[in-house]
Every structure is written in structure tokens, then in C-alpha cells.
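What follows is calculated from the coordinates using simple rules that are stated; it is not laboratory data. Note that the structure is a prediction, hence the values are computed from the model and not measured. Neighbour counts are summed over all protein chains in view; Cβ atoms, including those assigned to glycine, are modelled from backbone coordinates with ideal geometry.
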Amino acid sequence: MKNADYGSHPSTPVKLSSRVVVDRETVELKRLEKRIGRVHLQQRLGIEADHATQVFGRGRTFFHIENWYSIHALIRLALRCTGLYDRGLRNATDIKIRHNEIILPRLPPAFDGFTVLHLSDLHLDMDSTYPTALIDRLRQVAYDLCVITGDFRVKTHGPYDAALTALAQVSRHLRGPIYAILGNHDSIRMVTGIEALGIILLINESVIIERNGAFVYLAGIDDPHYFQVDNFDRAAQHIPPDAAAILLSHSPEPYQRAVHAGFDLMLSGHTHGGQICLPGGVALMTNADCPRSFCKGAWRYQTMQGYTSAGSGASVVGVRFNCSPEITLHHLRTPLTFQED
């Protein structure tokens with residue numbers, strides 16, 4: 001496995017005096033600035049400080065229900081009054097294992113059968129049962145590479161220690177290389193803590209995945225939905241034009257730019273598949289500015305294939321209806337081998 005050179009990763013923070021902690025955070029942010037660029041870091045930190053709880057405006061969609069906390073209580077009350085709340089809670093931890101076969105024309109033969117475990121929208125601090133439910137499913141799957149397409153915590157602001165503590169529990173049950181991106185609920189300040197767990201974040205960066213002398217490129221962009229700090233130029237700058245390339249994007253919204261940047265496959269999340277759906281899986285809300293057919297499961301746009309995970313966690317209210325949480329195993333295949341089967 002060959003990684004792009006994007007700087008060293010700080011060690012795990014320890015309990016120190018408040019002044020030492022502040023100084024350490026300053027050092028870590030300086031390292032991060034060197035890695036991702038001053039403007040990117042300032043934009044991320046500035047938006048987090050100014051608009052973290054904004055309900056209307058900003059981002060690709062006008063309305064952000066995840067930040068309207070009063071409506072969360074009303075939804076819970078309505079579900080309790082109808083007797084559906086407990087059922088919705090049970091549904092939210094009934095994680096399904098989904099399989100998705102993907103035929104990639106440019107996939108090197110050495111990667112035929114290569115399996116990617118796709119996790120998304122963990123929201124691990126939403127409920128203490130989420131990490132346990134996820135770990136139970138992780139024990140049942142085999143894969144070559146793990147990717148996580150953002151949203152480790154449930155809120156869009158405030159402390160994130162609980163999310164990192166839960167992620168530490170989950171990460172012990174993940175195998176092999178693990179790559180991830182940040183979502184619209186994640187703070188740029190979480191980078192050090194996440195990477196200390198052995199999870200490599202791709203912040204408009206790419207890495208080379210090697211197998212038996214063949215290569216596939218994996219790139220990740222920073223959140224394109226709320227913070228809008230995705231940078232395709234930086235993410236794809238080291239990827240040869242004829243190489244097989246996979247993109248991690250928290251939301252499927254930048255699908256048009258992704259295909260024109262030369263990516264073969266785009267893995268996303270963010271939408272939760274609707275989370276609360278009508279019978280038949282019809283989503284009441286997807287919170288994404290893209291075709292609804294791109295908001296759950298497998299899809300295609302021109303030469304690029306995509307998959308949008310329904311996520312393993314829940315947000316706003318910890319319930320699900322007609323939309324099960326999931327972890328996904330993407331089985332990569334070459335056209336020739338698939339035809340022979």
C-alpha cells in the first residue's frame with residue numbers, strides 16, 4: 001500500500017493543563033495548515049465558528065434540519081403519541097449487510113474481486129447502542145479495504161470527545177487499511193484524534209492502493225455539502241488520466257464535477273437514504289441538491305458509477321422507518337472476468 005505524502009500525523013493527545021492543551025492544539029493546527037493549505041483551514045474553522053448551528057442558508061441546500069433542535073423534540077413527541085417511537089429506535093440499530101458488485105472497465109486484473117467495506121454517517125455519539133450494533137456487523141464481514149464517508153458525530157458543533165471515544169471502540173474491529181473523509185457534522189479539529197486511531201483522512205488528497213504490482217487510486221474531498229471546501233484540483237492532481245480512480249465524497253452532490261475529473265466510481269453518504277421513508281422506501285427528505293435516484297444505493301452518471309450509502313447511524317432523531325441502516329461491501333470486478341462468470 002503506497003500513500004501520498006501529506007505530512008506526518010500527530011500522536012494521541014494526553015490529559016495536560018489547559019494551557020498546554022491549547023498550545024498543543026495550536027501546533028496541530030499549524031501542521032494541518034501546512035498539509036491542507038492556509039485558506040482551506042481558515043475557511044473550515046471560520047464557518048464552523050460562525051455558522052455551525054445555522055438552520056437556513058449556506059451550503060448546497062437552504063434548509064438544514066439537523067440544526068433545528070426544537071423540531072427534533074416535536075418529531076420525538078409525535079412518534080411517541082403514535083406509538084411508533086420504540087419501533088423506530090429498534091429499526092435504527094438493525095444494520096443490514098449489503099453487497100454491491102461493480103464492474104469497472106479500467107480496473108486492473110489484479111484487483112478483480114477486491115472488496116471495499118463502505119461505512120458512512122456513523123453518528124456514533126447519538127446513542128450508546130450504535131457502536132455495539134455496528135461492531136456486531138463488522139465481525140461478520142471480510143474485505144480488503146475500509147472507507148468511511150464522513151459524519152462521525154451527531155451534532156454539527158460543540159464537543160466531539162464522545163464521538164472519538166466511540167470511534168476508538170469501533171476502530172478496534174476494523175481491519176486493513178482504513179481511509180475516511182470528513183462530513184458536514186465533523187469538525188476539522190477532529191483530524192488528529194481520528195488519525196490517532198489508525199484511520200487516514202483524505203482531505204482533498206489521494207493515495208495509491210497497490211495489489212500484486214497493479215494500482216488503483218483513491219481520493220477524498222472535504223465536505224461538499226455545508227462547508228463546500230471540496231477541491232477536485234488538489235484531490236486529483238496526482239492521479240494519471242488513464243488510471244482507475246475511486247472518489248470518496250460525503251455527499252453525492254458534486255457528481256458532475258467528479259465524472260469530469262475522471263473518476264470511475266464515487267462512494268458517498270450524507271442522505272441516510274431518507275432515514276424516515278414512506279412504504280416502498282420513498283424518502284420524505286434527502287437533504288441533498290442532486291437527483292433523488294442518486295440519494296440511495298447504486299447509480300450511474302455518464303461513465304461514472306456511484307453508490308450512496310444509507311449510513312449505519314441516524315441523525316436528527318434516532319429512528320428509522322422503511323429505510324434500514326447499512327454497511328456495504330463493494331466487490332470490484334473487471335468486465336472480462338465478470339463475463340466469464
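Among D112, D230, D23, the residue with the largest mean-square fluctuation in a Gaussian network model of the chain, with springs joining Cα atoms closer than 10 Å, is D23. How would region 133-208 be classified by its alpha-carbon gyration tensor: rounded, prolate or oblate, with rounded meaning a/c under 1.5 and the a/b versus b/c comparison settling the rest? Note, shape of region 133-208 comes out oblate.
Aspartates and glutamates within cross-link reach of K96: Cα-Cα under 15 Å, excluding same-chain residues under 8 positions apart? Cross-link targets: D121, D136, E326. With point charges of +1 on the Cβ of Lys and Arg and -1 on the Cβ of Asp and Glu, referenced to the Cα centre of the chain, which listed residue (N322, L267, G158) lies farthest in the positive direction of the dipole? Among N322, L267, G158, the one farthest towards the positive end of the dipole of the chain is G158. In this Cβ point-charge picture (+1 for Lys and Arg, -1 for Asp and Glu), region 162-234 has a dipole of about 340 debye about its Cα centre. Is the shape of region 67-220 best called rounded, prolate or oblate, per the rule: a/c under 1.5 gives rounded, else a/b larger than b/c gives prolate, else oblate, with a ≥ b ≥ c the square roots of the Cα gyration tensor eigenvalues? Note, shape of region 67-220 comes out prolate. Membrane-span-like helices in the chain (whole DSSP H runs, Cα extent of at least 30 Å along the helix axis, mean Kyte-Doolittle hydropathy of at least -1.0): none found.
When each of the peptides 285-292, 259-266 is scored by how many other beta carbons lie within 10 Å of its residues on average, the order from highest to lowest is 259-266, 285-292. Using just the helices of the chain, give the 222 nm mean residue ellipticity in deg cm²/dmol: DSSP H runs with n ≥ 4 each add -39,500 (n - 2.57), and the total is spread over all residues, rounded to 500. The helix contribution divided over the chain gives -8500 deg cm²/dmol.
If you take the Cα centroid of region 244-260 and the Cα centroid of region 156-198, the two points sit 22 Å apart. For the chain, the antiparallel share of DSSP beta bridges with both residues in that region comes to about 40%.
When each of E195, E101 is scored by the number of other beta-carbon atoms lying within 10 Å, the sequence from fewest to most is E101, E195. Over region 156-228, what is the percentage of antiparallel beta bridges among all DSSP beta bridges, to the nearest 5? Among the beta bridges of region 156-228, antiparallel pairing accounts for roughly 80 percent. Once the Cα-Cα distance is subtracted from the 0.36 nm per residue extended length, the Q228 to V39 segment shows a gain of 66.8 nm. Of the cross-linked pairs K30/K155; K34/K296; K34/K155; K155/K296, those separated by over 30 Å at the C-alpha level are K34/K296.
Sorted fewest first by neighbouring Cβ atoms within 10 angstrom, I246, I221, I148, I199 come out as I199, I246, I221, I148. Charge dipole of region 50-340 (Cα centre as origin; +1 on each Lys and Arg Cβ, -1 on each Asp and Glu Cβ, all else neutral): 720 debye, rounded to the nearest 20. Shape verdict for region 248-324, please, from the Cα gyration tensor: rounded (a/c under 1.5), prolate (a/b greater than b/c) or oblate. It comes out prolate by the Cα gyration axes.
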